[in-house]
Amino acid sequence: MMLHSICRLCSACCPVEVLTERGQFISAKRKSVLPKKRQLNCPKLNSAADIIYSPERLLKPLIKNSNRRFRESSWDEAMDIIAERLLFSKKEYGPRSVCWLRGMAADWGAPWDYVNRLMNAYGSPNSIGNGSICFVGRDFAHTSVYGAMTIPQTRESKCILIWGKNDKDTAPNAAENILLAKENGAKLIVVDPIKTRFAQMADLWLQIRPAHDGLLAMAIIHEIIHNSLYDTDFVDKYTVGFDDLKKTAERYTAERVAKDVWLDAELIKETARLYTSVKPACIVDGNGLDMQLETFDATRAVAMLRALSGNLDIIGGDHIPETVPHRNLQLRERLPASAEPITSAYLLFNTFHAGWGNQVQSCVIDAILDEKPYPLKTLIVQSGNPAVTFMDAHRAERALEKVEFLAVIDMFMNRTAEKADVILPAGSCFEHTQLNRAFIRSSPVKIQEQVIAPVGESRPNWHIIFDLARRIGLEKEFPWQTAEEAIDYQLEPSGITVAMLREHPEGIMAKPVRYRKYETNGFMTPSGKVEFSSELLKEHGHNEVPFSNGHQENPISFMDEPDQYPVLGMSGDRDMRFVNSQFRFIPSLLQRERGCMVDIHPEEALKHKISTGDWVQVETPRGHIQMKARISDLLREGTIRIAWGWGDYNPDYSLNRLTDDNRRNPVIGTASGRNFMCRIKKL
Ligand SMILES: Nc1nc2c(c(=O)[nH]1)N[C@H]1C(S)=C(S)[C@@H](COP(=O)(O)OP(=O)(O)OC[C@H]3O[C@@H](n4cnc5c(=O)[nH]c(N)nc54)[C@H](O)[C@@H]3O)O[C@H]1N2
Ligand SMILES: Nc1nc2c(c(=O)[nH]1)N[C@H]1C(S)=C(S)[C@@H](COP(=O)(O)OP(=O)(O)OC[C@H]3O[C@@H](n4cnc5c(=O)[nH]c(N)nc54)[C@H](O)[C@@H]3O)O[C@H]1N2
Ligand code: SF4
Ligand SMILES: [Mo]
């Protein structure tokens with residue numbers, strides 16, 4: 001049988017056709033905009049059956065005995081233990097002592113709304129996502145400038161500026177649209193410290209010094225304003241704070257920042273000219289801008305380029321999406337006003353969006369270890385692996401060991417689950433029906449379909465959450481017996497139902513796409529205009545204009561000890577075969593070279609007499625790891641790139657044992673997991 005669904009093995013949410021036989025998953029194919037021969041390949045999808053039926057899958061709930069060993073249990077027994085723990089915690093320590101932490105795999109899916117609903121109805125403000133290190137911080141930066149996160153209209157664009165994004169390895173559907181535009185003559189500008197495949201095809205490649213994006217963006221802004229390359233009509237009518245931005249940007253001329261950002265001033269100027277002279281132009285920004293200490297202002301400055309160039313909300317530019325009308329399921333109003341989340345230091349970030357909620361994951365570790373702002377006693381981790389993916393993984397592991405009670409909901413045993421008291425086996429993305437956030441954020445709406453029954457005794461995420469909610473007395477809040485009922489309830493204001501979505505696998509438009517909406521509606525910012533300067537940020541003690549109070553001298557971790565840690569380490573690429581810490585136990589994905597390597601520039605390698613295949617040790621003040629070296633000219637001298645996500649495979653390879661979680665961005669709370677100073681030696 002051929003069935004339509006959405007793959008959610010990673011966050012790209014690709015529409016797929018799935019072939020099943022007698023209820024078994026056989027194979028799946030990505031729906032692509034390119035002819036078959038030129039389509040990008042996704043090895044994860046090709047190996048989907050190996051993932052789904054992996055002998056490593058958790059098939060039954062597990063409970064840890066007093067001898068620290070796991071035993072299999074019934075669902076009832078495991079669920080009752082967790083439900084009792086929630087009721088006990090509420091009585092003994094208060095509901096806020098309970099935290100539900102979710103990772104990337106549940107993100108952008110309806111299950112996260114269900115978790116927020118459960119936690120808010122239970123009385124805890126601590127359902128915490130991982131968006132401070134992923135793209136939610138970027139969403140907030142966009143939102144603070146023009147009221148929403150834009151979607152680049154690459155396919156119709158004539159000039160595409162890719163800033164810290166590597167779609168060819170992380171989002172093939174988005175990459176294919178860029179390839180199409182390029183074939184149709186679009187110019188390509190890439191800002192990336194690595195010679196990615198798009199950098200190799202680019203008209204201009206800016207091999208920026210990592211973590212210095214803010215300086216570069218401000219220099220481009222200055223160049224655009226100084227040479228009157230901006231859209232004067234748009235700026236006059238629809239923006240506030242232009243003079244303040246102009247004044248701040250004057251401090252960051254191309255000549256002044258060139259040395260700091262490791263680029264020629266002329267290249268910076270050429271970028272400003274090309275980006276503003278070809279219309280329409282769009283900017284594809286990515287996770288390369290996240291996980292940096294100055295990330296919020298840097299991303300805000302990049303966002304401002306869209307407004308200065310007059311490319312906001314036009315075809316081929318950066319579209320401001322219209323949310324699909326839906327019910328907010330989160331029941332935030334049920335929390336008492338006095339309920340202070342552990343992320344309370346990041347008030348604006350907690351509240352900028354009605355659908356996101358709290359995202360500063362590092363606060364979970366603080367609350368457990370330092371008991372600040374108050375102690376957490378119970379932790380439920382759903383679809384995340386903090387022992388490997390959190391910055392300063394040693395510290396994260398200590399917290400997971402210290403917390404009084406830990407439950408984990410996952411498909412596989414991982415380094416986090418090993419520390420759990422109870423583990424609940426979840427179904428894979430092909431085993432449950434789900435509405436992904438991507439399809440609420442913007443039309444067309446598409447549905448992720450269950451195409452096979454849950455493997456073993458695993459259960460869909462929604463099922464686990466509804467069941468747990470009912471066990472703690474929230475039957476009224478969770479009346480739904482199926483995923484479909486809950487999705488229909490959520491989507492009711494749009495008039496779209498699951499039944500309709502099943503008839504239209506290509507998706508349903510909640511409203512026709514509209515452009516230049518600001519001409520009639522303004523922007524969804526406090527002033528109703530694009531905000532080059534933000535009163536709200538200023539009121540909260542942040543920079544009203546990006547970098548108005550200067551730029552940090554040490555924007556990279558451990559930069560203050562250059563003699564000890566002279567090499568700039570970069571968190572590694574996202575190999576198309578793997579997602580974050582996942583899939584290192586799937587044999588078909590490990591067939592060719594594993595890719596668990598430290599990439600070293602030839603000159604740097606010469607200094608240490610390192611050749612490809614040698615074992616090296618990388619050290620920072622937080623820890624050390626060991627890996628094989630690979631000489632590579634994709635990066636600059638003085639820098640190395642370390643494969644990331646291998647901590648489950650072997651803790652000695654765990655990149656986040658090197659990273660810092662101490663210094664954080666003041667607005668969105670991210671630590672710098674992307675870049676850090678380190679030292680390297682041959683073993
Ligand atoms: N195959 C695969 N796909 C994935 C994932 C995966 O692990 N594997 N993870 C998923 C997740 S959770 C996410 S968030 C997305 C992320 O996907 P992307 O947004 O594409 O992000 P990355 O690949 O992390 O980094 C993008 C680029 O930023 C560059 N970069 C690094 N440091 C800097 C810097 O300081 N400045 C600039 N300008 N660029 C820099 C990197 O070299 C890289 O080429 O991918 C998702 N898709
Ligand atoms: N140094 C460094 N650190 C990073 C990054 C980096 O580039 N460098 N990237 C950061 C980013 S952008 C992100 S998003 C985070 C990711 O951090 P995490 O979300 O912790 O990462 P994953 O390794 O993807 O873990 C997902 C877990 O969910 C499980 N899972 C998969 N599907 C399902 C499902 O349907 N249900 C359930 N219950 N579980 C499921 C998987 O088995 C896996 O154990 O890591 C961050 N950490
Ligand atoms: S990129 Fe591959 S794994 Fe990710 S959603 Fe698309 S098909 Fe699935
Ligand atoms: Mo992410």
For the range 4-158, the Debye formula with one identical point scatterer on each Cα and no solvent gives log10 I(q)/I(0) at q = 0.09, 0.10 Å⁻¹ as -0.51, -0.62
So how strong a dipole does the chain carry about its Cα centre when Lys and Arg Cβ are +1 and Asp and Glu Cβ are -1, to the nearest 20 debye? 1120 debye
Quickly rank 587-596, 445-454 as a protection proxy: mean count of other C-beta atoms within 10 Å, highest first. 445-454, 587-596
Show me the ranking of peptides 254-261, 299-306, 32-39, 648-655 by mean Cβ neighbours inside 10 Å, starting with the highest. 299-306, 648-655, 254-261, 32-39
Among the lysines, which fall within straight-line cross-link reach of K60, defined as a Cα-Cα distance under 25 Å, with same-chain neighbours fewer than 8 residues apart omitted? K44, K419
Estimated [θ] at 222 nm from DSSP helical runs (n ≥ 4, -39500 (n - 2.57)) normalised by residues in the chain, nearest 500: -8500 deg cm²/dmol
In whole µm²/s, the translational diffusion coefficient that Stokes-Einstein assigns to the range 555-607, given a Kirkwood hydrodynamic radius over C-alpha pairs, 37 °C and 0.692 mPa s, equals 235 µm²/s
Could you give the accessible area per residue of the chain, probe 1.4 Å, as a whole number in Å²? 38 Å²
Rg and Dmax of the range 318-432 over Cα atoms: what are they, in angstrom? 16.4, 47
Reachable lysines from K607, Cα under 29 Å, same-chain residues fewer than 8 places away excluded? K195, K259, K628, K681, K682
Residue-wise, which Karplus ³J(HN,Hα) couplings in Hz belong to the range 599-611, taking 6.51 cos²θ - 1.76 cosθ + 1.60, θ = phi - 60°, and x for glycine or proline? 7, 10, 5, x, 5, 4, 5, 4, 4, 9, 6, 9, 10
If you count the DSSP beta bridges with both ends in the range 567-682, what percent of them are antiparallel, to the nearest 5? 70 percent
Among F578, C596, W646, whose Cα sits farthest toward the positive end of the charge dipole of the range 572-683 (+1 at Cβ of Lys/Arg, -1 at Cβ of Asp/Glu, about the Cα centre)? W646
Calculate the length of the line joining the C-alpha centroid of the range 444-462 to that of the range 41-58, in whole Å. 15 Å
Measure off, as a whole percent, the carbon and sulfur share of the 1.4 Å-probe accessible area of the chain, all protein chains present. 49 percent
Got a sec to turn the phi values of the range 622-636 into Karplus ³J(HN,Hα) couplings, 6.51 cos²θ - 1.76 cosθ + 1.60 with θ = phi - 60°, whole Hz, x for Gly and Pro? 8, x, 9, 9, 10, 8, 7, 8, 9, 6, 8, 9, 7, 10, 8
In terms of the ratio Rg/(2.2 N^0.38 Å) built on C-alpha atoms, what value belongs to the range 2-52? 1.11
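Roughly how many debye, to the nearest 20, is the charge dipole of the range 265-345 about its Cα centre, given +1 on each Lys and Arg Cβ, -1 on each Asp and Glu Cβ, and no other charges?
Roughly 220 debye, rounded to the nearest 20.
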Quick one: which residues, 5 or more positions from I409 or on another chain, have an amide H under 5 Å from its amide H? H modelled 1.01 Å from N in the peptide plane, none for Pro or chain starts. V381, Q382, S383, L424
Global size of the chain as Cα Rg and Dmax, reported in angstrom: 24.3, 72
Restraint check, K36/K511; K37/K182; K246/K269; K64/K377, Cα-Cα greater than 25 Å: K36/K511
Solvent-free Debye scattering, log10 I(q)/I(0), computed from the Cα coordinates of the range 567-682 at q = 0.14, 0.15, 0.17, 0.20 Å⁻¹: -0.57, -0.65, -0.82, -1.09
Can you tell me which of 494-504, 282-292 comes out highest on packing, and rank the rest after it, using the mean Cβ neighbours within 10 Å? 282-292, 494-504
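The values are calculated or read from the model by the stated rules, or taken from the named source; none is laboratory data. None of the values given here were measured: they were computed from a predicted structure. Glycine also receives a Cβ, built like all others from the backbone with ideal geometry; neighbour counts cover every protein chain displayed. Ligands, DNA and RNA are stripped out before the accessible areas are found, and what is left, the full protein with its side chains, is counted by its heavy atoms. Shrake-Rupley method; radii C 1.70, N 1.55, O 1.52, S 1.80 Å.
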